[in-house]
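Scroll down for the structure; my scribbles are underneath it.
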Amino acid sequence: MAPTIEPVHTSAPLPATTSVVIIGGGIIGLTAALTLAERNIPVVVLEKGRIAGEQSSRNLGWVRKTSRHAEDIPLALAADRLWARMPERVGSDVGYRQAGIMFVARTEAQMAMHAGWLQSVAHLSLDSRLLGKRAIDALVPGGRGKWAGGIYTASDARAEPTLASSAIARAAMAKGVVIVEQCAVRTLQLAAGNVCGVVTEHGEIRCEQVVLAGGLWSRRFLGNHGVSLPTLPLTCSVLRTQPMEGPTDIAVGAPDFSFRKHKDGGFIITQRGKLDAFLTLDHLLLGTQYLPQLRAQRDFLNISLGRHFLKDLGLARRWKADRVSPFERVRVQDPCANERLNNDALNNLKAAWPAFAQARVAQSWAGTIDVTPDSNPVIGPVAQIPGLTLATGFSGHGFGTSPAAGHLAADLVSGHAPIIDPTPYRFERFAL
Ligand SMILES: Cc1cc2nc3c(=O)[nH]c(=O)nc-3n(C[C@H](O)[C@H](O)[C@H](O)COP(=O)(O)OP(=O)(O)OC[C@H]3O[C@@H](n4cnc5c(N)ncnc54)[C@H](O)[C@@H]3O)c2cc1C
């Protein structure tokens with residue numbers, strides 16, 4: 001069960017026409033919609049379940065530059081600027097706090113990875129710095145961990161997933177965006193190969209352009225149009241504690257746990273060292289494209305073959321516009337939390353910072369991430385289908401960059417100068 005987001009009343013009748021249809025009411029679709037509305041461009045957001053019901057409400061809320069690929073950092077820096085003025089832009093708190101992020105390393109090899117990353121981004125003049133044991137103790141007191149060192153970025157931040165999407169949705173609607181929940185888009189409508197509308201479960205909308213911000217589902221949607229977007233699902237489990245006295249306001253990531261302060265005074269905790277990889281047909285179809293990632297991260301994955309494989313096989317890969325689509329069959333992807341991983345994370349954290357011995361679990365949940373072969377998203381047009389722009393495949397770190405990612409998608413759709421160079425995100429890179 002996902003955390004409950006701030007309620008938003010979205011229901012609206014389906015308009016017959018608009019300029020831009022956005023498929024997906026996650027934080028990416030919503031920030032793109034807000035940016036377009038601020039440019040007076042008519043927008044309709046269609047969401048098969050409820051806004052932010054999937055990844056965008058389930059994530060940890062980290063807003064970081066640390067450990068991102070160097071080519072992804074301009075997007076993160078642009079997002080920092082947009083997060084800082086988001087409360088003013090949307091007229092309410094989104095939980096954005098620039099409280100810093102620290103990663104700690106147990107081994108010299110892990111420390112060498114942090115040092116290597118810092119070197120790879122030296123030209124970007126970030127405020128990240130390597131830490132010794134004493135500096136770690138000074139920043140986050142009361143620890144018992146035997147750390148080889150760490151890395152700290154004071155300008156990294158957090159925001160609240162349960163506040164941000166709702167606030168952005170409300171602001172977008174106030175500027176004229178129409179958001180329709182419980183409305184799956186089945187297919188694109190094409191005229192001479194160009195986008196001219198969408199077919200939804202409740203009827204058609206004519207439009208000039210479509211942004212596909214469908215998260216985990218974008219691959220299946222595109223597959224039905226003969227376009228292959230390589231993404232694979234990974235499941236991450238999370239817990240939230242009841243309000244408690246913690247050692248710090250800084251978000252901390254260790255090899256086998258992470259924690260960050262929640263707005264209610266508790267902490268959001270996960271097992272950083274493990275993700276569940278429930279095998280599906282796509283893992284078999286795309287697996288070879290992920291071999292370098294698999295080699296580097298084999299120990300991070302709990303790979304299992306079970307009922308998920310059959311459940312996934314039961315969902316259509318090809319369908320017609322007049323048939324019920326997979327998006328109506330799964331309104332909200334709501335995987336069960338892996339309580340074993342959550343317990344491991346909490347126990348590892350208690351051993352490292354005994355202040356967490358008093359932690360009481362208030363809630364746990366899981367979410368499914370859409371991972372691309374290079375862990376960067378796709379933000380850009382699809383050459384085969386003029387009028388279609390992708391903003392998807394955020395690979396487990398799209399909440400932090402969402403204000404800039406949605407902005408970039410809106411720039412590309414509306415012909416504005418892009419907020420950052422979009423080259424690293426182009427779809428064609430997977431065809432090379
Ligand atoms: C457990 C977890 C922890 C994470 N932690 C972090 C973090 O700390 N920091 C960070 O930056 N990122 C984090 N992420 C990743 C981040 O949450 C995502 O990258 C981001 O939310 C992606 O947003 P999105 O809008 O692309 O996708 P989603 O939020 O998944 O939204 C896509 C929406 O599209 C809808 N949809 C799909 N197809 C259709 C269709 N055909 N018709 C209508 N609607 C459709 C879906 O129902 C869904 O609501 C985490 C993710 C998870 C799961």
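Bear in mind that the values in this text are calculations on the coordinates, not laboratory data. Since this is a predicted model, take the numbers as computed values, not measurements. Positions of Cβ are generated from backbone atoms using ideal geometry, with glycine treated the same way; all protein chains shown enter the neighbour counts.
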Could you list, in sequence order, the residues of segment 262-277 that are buried (at least 19 other Cβ atoms within 10 Å of the Cβ) and over 19 Å from the mean Cα position of the chain (by Cα)? Gly266, Phe267
Could you tell me which numbered condition Gly53 fails, if it satisfies all but one of (1) within 11 Å of the ligand (Cβ to nearest atom); (2) closer than 17 Å to Ser166 by Cβ; (3) surrounded by 24 or more Cβ atoms within 10 Å (Cβ to Cβ)? (3)
Here, strands (runs of 3 or more DSSP E) confined to segment 319-432 with at least 2 residues that are closer than 25 Å to Arg206 by Cβ are 378-381, 388-392
Looking at segment 348-355, can you tell me whether even one residue there is crowded, with 16+ Cβ neighbours inside 10 Å and within 12 Å of the ligand (Cβ to nearest atom)? no
Per the filter on segment 236-251, residues part of a strand (DSSP E or B) and either in contact with a helix residue (DSSP H, G or I) (Cβ under 9 Å, 6 or more places away or on another chain) or away from the ligand (no atom under 13 Å from the Cβ) (or both) are Cys236, Ser237, Val238, Leu239, Thr241
Taking the residues in segment 189-233 that are more than 19 Å from Phe278 (Cβ to Cβ) and in contact with a helix residue (DSSP H, G or I) (Cβ under 6 Å, 6 or more places away or on another chain) as candidates, determine which candidate is nearest to the ligand (Cβ to nearest atom). Gly214
Pairs where the first residue, in segment 387-413, is more than 16 Å from Glu428 (Cα to Cα) and the second is in a helix (DSSP H, G or I) and near the ligand (Cβ under 8 Å from one of its atoms), C-beta under 6 Å, 6+ apart: Ser402/Ile27; Ser402/Ile28; Ala405/Ile28; Gly406/Ile28
So for segment 94-103 (the condition being within 14 Å of the ligand (Cβ to nearest atom), at negative phi and touching a Leu at 6+ places or on another chain (Cβ under 8 Å)), does at least one residue qualify? yes
Give the number of residues within segment 1-43 that are assigned to a strand (DSSP E or B) and buried (at least 24 other Cβ atoms within 10 Å of the Cβ). 5
Of everything in segment 373-396, what is surrounded by 24 or more Cβ atoms within 10 Å (Cβ to Cβ), more than 24 Å from Ala192 (Cα to Cα) and of a type outside the set (A, V, I, L, M, F, W, C)? Give them in sequence order. Pro377, Thr392, Gly393
Restricting to segment 23-50, name every residue that is near the ligand (Cβ under 7 Å from one of its atoms) and either within 16 Å of the chain's Cα centre (by Cα) or not aliphatic (A, V, I, L, M) (or both). Ile23, Gly24, Gly25, Gly26, Ile27, Ile28, Gly29, Glu47, Lys48, Gly49
Answer yes if at least one residue in segment 130-147 is of a type outside the set (Asp, Glu), in a strand (DSSP E or B) and under 30 Å from Pro7 (Cβ atoms), and no otherwise. no
Verdict on Ile73 being away from the ligand (no atom under 11 Å from the Cβ), part of a helix (DSSP H, G or I) and surrounded by fewer than 24 Cβ atoms within 10 Å (Cβ to Cβ): yes
